[in-house]
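Report on the structure given below.
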Amino acid sequence: MAAIAAEQGHKQHRLPKSGPTAKKKKKAQQKKKGISTEQKNPKAFAFQSSVKARRLQNRSAEREQRRLHVPVLDRSVEEPPPYVVVVQGPPQVGKTLLIKSLVKHYTKHNLSDMRGPITVISGKKRRLQFVECINDVNAMVDSAKVADLVLLLVDGSYGFEMETFEYLNILQVHGFPKIMGVLTHLDKFKDAKQLRKTKKRLKNRFWTEIYDGAKLFYLSGLIHGKYPKREIHNLARFISVAKFRPLSWRLTHPYILADRFEDITAPDAVQRNPKCDRNVTIYGYLRGCNLKRGTQVHIAGVGDHKLWNTSILPDPCPLPLATKKRGLREKEKLIYAPMSDVGELVYDKDAVYININDHQVQFSKSDEHKEENEFEDKEKTQKESVADIGELLVKTLQKTKYSVDEKLNQSSIQLFRRGAPAETALIKSHTVDTELEGQDGHGSDEDDEMVDTSSEEIDTDAASDSGSDAENDESADMSTKKDIERIAEMNENLTETDFDGLGNASKWKEDLLSFTKLKRGMTLMELVYGDTQAQLNGSDAANAVDDSDSDDELFKLKNQPPKEVKEKNNNLEDMNADDSVKLEMTSEDLEIWNSMEILESIRNRFVTGDWSSSARRNQSHHDSDENDSVMGDFEDLETGEKFNMQTANEENSEKVKADDKEAAERRLKKLALRARFDAQYDGTDPAVEEDVTSSKGKQQRPHQGSQSDYFDKLKEEIELRRQRNMAELADVDEEVRLEMEGFKVGSYLRLEFHGIPCEMVQYFDPRHPLVVGGIGPLEEGVGYIQVRLKRHRWHKKVLKNRDPLIISIGWRRYQTVPVYALEDRNKRHRMLKYTPEHMHCLATFWGPLTPPNSGLVAFQNLSNNQESFRITATGVTLEFNQSFQIVKKLKLVGYPYKIFKKTAFVRDMFTSALEVARFEGASVRTVSGIRGQIKKAVKEGQGKEGSIRCTFEDKILMSDIVFLRAWVTVDVPRFFNPVTTLLQSHDMVWRGMKTVAELRKERGLSVPNNKDSAYKPIERPPRHFNKLKIPKTLQSALPFASKPKLLKKRSKPTLESRRAVVLEPNERKIHTLVQQLNTIRNEKVKKRKEQNEKRRKIFEMKKAKEDELSKKRRREEIRERFREAAKRRKSE
């Protein structure tokens, strides 16, 4: 073997002689040898063909322009909301199993019951919210409006189904988000070649519907009831890195996909009237744009409602960067699905509910003696005792033997400061007796004197509560006292030792008000007018003792300032007083204006005064001594420390100067960077010029990217505008910013609604997506909407005018009655009875206003049991207005009954003189083409009522028909009916107005047959016109060439007709020969035709036999194919 290897020659490595690596090595070797790498003749390496160079330049320009797109304002926030991933497909295709597999991949959770949206964390800065789209038209429409990514599941063994194409059309109308396809049930293919062909065919069909290169994943089969981990991992990887382009409708409208729904109606109200309107709360992440207070919203499937209350809640599924790592397990922070009962924390407006399963409980009341022995052990460290505070508190709550109502009945309450405590049970019984006496009319006057006016405070006595418990059960009280002593000891230990994150528990109460004000910041009102409310509260507190001693009045206005504050506010020199338009002036204040000195002092303030003195006064500055006289030195009376305002002012001025200097430096740096940035784009940067001039023999172009300068500048302007807005709102108080900007995108909101129909709570189904969309100010009104509509090519029938349609546009779904029209060349909208076959038309209907360029999709029926394609039409909104003029053609026919040269009386066109007045001056026409005009109605007695007098451009005949072509305005019905699918059971089909065809089918009525509307063959008998008669006087005046050459009929025949023709013998022979030759030729032609006819009949008989045999053969092949398919189906 070694000898063979030695004899066998291996090919030596050959160095690369072409390519970028070889060129680089060649330049390096030449540089080492000192050979110049510059081209000796640059012109020799220039392009040789100008046409080719132009083509290359055009191609590069096209590629650059194709790369550009219209820049969109970046509305991203620090913590964006979860991206909505909708999983859609026909029934029994594996939607639920796919979501469970993805959730298992992301969170390691096994979902048993999947209901409603499921939020998971897919990365450090990305969250996903999975929603399963059921096979319901309403659910498909609602999910398409909020989807960021759609996973289209297709049964690979069956192919594309109708639901997939319907959903694709709905997505195209409502924004067309990112779509990924998933093929399932591929394990049913036993032949690998057939599987490859099926994949290729489905991929090409999928690319035809979406775009070339759309991502399509293949799930080969099931392993232990789940999809393979590697395939799910690949799919999850693409989902986690997918980029989503914002859609225009969602960028301008706030919306929420509800992941939690609760009924907060008072149980008493529901018990009294189960059909009463409910108060509900809807929870979800805010998406789209900011939601301002008072915005009207639309609940899809319910209707428009006002927001009763909106509040921000803590994020139930925060990103890993925002969560605290201490005390949180992996399962708790990676998934949030309240409708599926996944997770243990449920956040509410004012509480957090903890749901702990029985198998996860770490301690219980049964461990009481064991825990007591552990606490009695004094050798335990402080950290262990601190860690057991929560357990001890929970055990203390577990030891209670009485309910809250029993404790309240046994407790006492002290209503007034000087009064004795009264028991709650006595107060309750006394209240009941008083009500009974009030009903009987025997109320006592002594009850009115029970209120003591000496105090306005109501205090509860907690000690009495514990005392009453002790009297009832001494043993329980002893155990409770022991626990309270242990908690007190541990609290003392906590105050002595300050652990990380705990500190002294009592220190947080100190300066709570000042800390809150500091955290809240100063509002614009406080900045301008000062904290006047605090001053008023301070004065109230100072005079509280005097008010308590006075027994004149029991109740006082809460916000009424005392007399001293009023006098202080009336003083004009008080700088902190509230601004008021009306000044309260007394007669003493007005007496100062009687002095001439004061009047002379303000004379120069008016137009008639001397303005030069005021100008000189404005140029002069006040001395610093005046400021010192106002703000002098002072001494702190409590500490005895003296403050010198001059030194303090100097220190403050030095700090301000230092801060101003730093701000000026930062501003200069920013200006320098901005100038550098502009110089690079303008091509005036010296560094760039140096680089350009330094290279010899190379023509570098600093303006090479000038084609995209405008695009980059546009993006820069948008970014600068966004940064400027953020900088302006950074220092604004949170409350003021919330009023100005609204709730931020990405916040987890709690929306409270009042007056919701009870059917929404009764028939709520978490499988159906609940979408709450914000409505703009212009969308709250109702008016006429004009859209460009096209019947879907897969819908069987054309659409009839005034047939009701269910339209989904914006967030709303409603039924309306459209009127179809076409726009003529003169901008006239002409009504159509039916929609065109393969063309767009205009549709006008009445409904809630929607902005232009909004997509719409129309249905005739929302049933899920239809065999045909459910989408009727698609379109886009053009405009909305309060009126649109749509006209239809009207032909009025009349018959002349009197003719006077060019004037004729026409009847049967109108029925009254009033109708004639409406059409005076209108153009008419006869069938023969003579034009005319309507003058007036005929006088009484000259004809039938409604007859008209017309003038024509020529004399008409009695047989002519006169007709009038007119246009009549068509009224669009003012009707729209909101589709409320969430207010009924999902098994029911929402029914609105029925079409004419459905009504006829239900009642068994046939289509009315109008003879005049039926199409008939046109039969026009030929008209016989009289001969032209020219008067003799006119004939004599005509020239000879124009005179008619009319000869009289001869009574005798002419000589040529009576003369006999005798042939010569030679001529007779020639004539005979020609006749014989013609006879022979005609006979040959006749025989040839007969033979051809015989051959054709034989060929037809042969062809018929062959066709019969081929039909039999094809029939047998089809039968055999179906037999094999049936056998395979049975074997599977």
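The values are calculated or read from the model by the stated rules, or taken from the named source; none is laboratory data. All figures in this text were calculated on a predicted structure; none of them were measured in a lab. Please note: Cβ atoms are built from the backbone with ideal geometry, for glycine as well, and neighbour counts cover all protein chains shown. Each accessible area value is taken on the protein alone, full model and side chains, heavy atoms only, with ligands, DNA and RNA left out. Shrake-Rupley method; radii C 1.70, N 1.55, O 1.52, S 1.80 Å.
Each of the peptides 973-983, 810-820, 733-743 was scored by the mean count of other Cβ atoms within 10 Å over its residues; in descending order, highest first, they stand as 810-820, 973-983, 733-743.
Put a plus charge on the Cβ of each Lys and Arg, a minus charge on the Cβ of each Asp and Glu, and nothing anywhere else: the dipole of the range 176-328 about its Cα centre is then about 1080 debye.
So what is the relative contact order of the range 220-311, in percent, for Cα pairs below 8 Å that sit 6 or more residues apart? Worked out over the range 220-311, it gives 23 percent. Distance between the 7 Å Cα→Cβ label points at His224 and Ala966: 8.4 nm. Pairs over the 31 Å Cα-Cα cut-off, from the set Lys744/Lys790; Lys52/Lys200; Lys796/Lys1011; Lys190/Lys1105; Lys955/Lys1049: Lys744/Lys790; Lys52/Lys200; Lys190/Lys1105; Lys955/Lys1049. The accessible area of Ile1070, taken with all protein chains in place and a 1.4 Å probe, comes to roughly 100 Å². Counting only Cβ charges, +1 for Lys and Arg and -1 for Asp and Glu, the dipole size of the range 180-252 around its Cα centre is about 180 debye. Ordering 174-186, 1096-1108, 822-834 by mean Cβ neighbour count within 10 Å, with the highest value first, yields 174-186, 822-834, 1096-1108. Over the range 983-1125, the fraction of Cα-Cα pairs per 10 Å bin, rounded to whole percents and listed from the shortest bin up, is 6, 8, 9, 8, 18, 16, 11, 10, 8, 4, 1, 0. Structure note, pairs Lys902/Lys1045; Lys891/Lys935; Lys292/Lys994; Lys23/Lys715; Lys243/Lys715; Lys199/Lys226: Cα-Cα distances above 28 angstrom occur for Lys902/Lys1045; Lys292/Lys994; Lys23/Lys715.
Pop out the carbon and sulfur fraction of the accessible area of the range 921-1036 as a percent, whole number, probe 1.4 Å. With neighbouring chains kept in place, the figure for the range 921-1036 is 52 percent. With the whole protein complex present, Cys276 retains an accessible surface near 20 Å², based on a 1.4 Å probe. Distance between the C-alpha centres of the range 940-997 and the range 1081-1098: 64 Å, rounded to the whole angstrom. Between Glu1090 and Ser157, the modelled labels are 7.1 nm apart [label points 7 Å from Cα along Cα→Cβ]. Phi angles of the range 1050-1065 translate, via the Karplus equation with coefficients 6.51, -1.76, 1.60 and θ = phi - 60°, into HN-Hα couplings of 6, 7, 10, x, 7, 5, 5, 6, 8, 7, 8, 9, 10, 8, 6, x Hz per residue; Gly and Pro are given as x.
For the range 118-186, the relative contact order comes to 33 percent (Cα pairs under 8 Å, sequence separation of at least 6). Here's the picture: charge each Lys and Arg Cβ at +1 and each Asp and Glu Cβ at -1 in the range 121-206, and of Ala147, Gly175, Ala192 the one pushed furthest to the positive end of that dipole is Ala192. The protection proxy used here, the mean number of other Cβ atoms lying within 10 Å of each residue, ranks peptides 123-135, 101-113 as follows, highest first: 123-135, 101-113. Rounded to the nearest 0.05, what FRET efficiency do Ser248 and Val51 give with R0 = 56 Å and r taken as the Cβ-Cβ distance? Could you check? That gives a FRET efficiency of 0.85.
Rounded, prolate or oblate: which one fits the range 167-258, using the alpha carbon gyration tensor with axes a ≥ b ≥ c (rounded when a/c is under 1.5, else prolate when a/b beats b/c, else oblate)? The shape class here is prolate. Annotation for Ala1037 and Asp1107: the two label points, set 7 Å from Cα along the Cα-Cβ direction, are 7.4 nm apart.
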